Amino acid sequence: MATTTTHRHSETAEATAGGLTVFAAVLLFIAGVLDLFRGIMAIANDNVYVNTPNYVFKFDLTSWGWIQLVLGVIAMSVSAGLFTRATWARVVGVGIAGLAIIANFLSIPYYPFWSLTLIAMYAFVIWGLCVVRRER
């Protein structure tokens with residue numbers, strides 16, 4: 001006869017997991033808003049960005065603006081799902097944060113300080129979403 005054991009998490013562990021998820025949700029929302037503003041800025045006024053003529057990954061700044069805008073809107077939407085502690089939102093949040101890190105890496109020559117700041121924020125989002133154990 002097989003016996004099953006149920007694992008009970010302490011209240012401290014559950015509070016920590018909930019706190020990290022809320023931390024990641026808030027940070028994802030803030031980074032999404034910053035990406036949204038960055039996208040609007042690039043679409044509306046291209047001459048705000050530094051001109052880099054010899055950049056390997058050269059795109060039109062309006063294209064970068066649309067990429068940043070779309071990633072920002074998706075990030076803000078996913079953060080709403082994270083407030084409900086939905087598993088799908090954690091998975092999509094990690095994916096969106098990863099894509100946003102890549103997009104910000106590719107745009108470092110155009111706006112280096114802003115890009116590195118957003119890379120750090122999205123990295124903390126990935127950490128906050130991955131360190132929490134999956135709920136049963």
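The values are calculated or read from the model by the stated rules, or taken from the named source; none is laboratory data. Being a predicted model, the structure only gives us computed values, none of them experimental. Every residue, glycine among them, receives a Cβ derived from its backbone with ideal geometry; neighbour counts consider all protein chains shown. When the accessible area is computed, the model is the full protein with side chains, heavy atoms only, and any ligands, DNA or RNA have been set aside. Shrake-Rupley method; radii C 1.70, N 1.55, O 1.52, S 1.80 Å.
Scanning the range 81-91 for residues that are aliphatic (A, V, I, L, M) and either open to solvent by less than 60 Å² (accessible area, probe 1.4 Å) or at pLDDT 95 or above (or both) yields L82, A86, A89.
Of all positions in the range 19-42, none carries a residue that is modelled with pLDDT under 60 and under 19 Å from L106 (Cα atoms).
The residue that is farthest from the chain's Cα centre (by Cα), among those in the range 81-126 that are assigned to a helix (DSSP H, G or I) and among the hydroxyl-bearing types (S, T, Y), is T87.
Among the residues of the range 92-113, the one identified as of a type in the set (V, I, T), surrounded by fewer than 17 Cβ atoms within 10 Å (Cβ to Cβ) and out of contact with any Ser or Thr (no Cβ under 8 Å at 6 or more places or on another chain) is I102.
Here L116 passes the criteria (1) open to solvent by less than 30 Å² (accessible area, probe 1.4 Å); (2) at pLDDT 85 or above except the one numbered (1).
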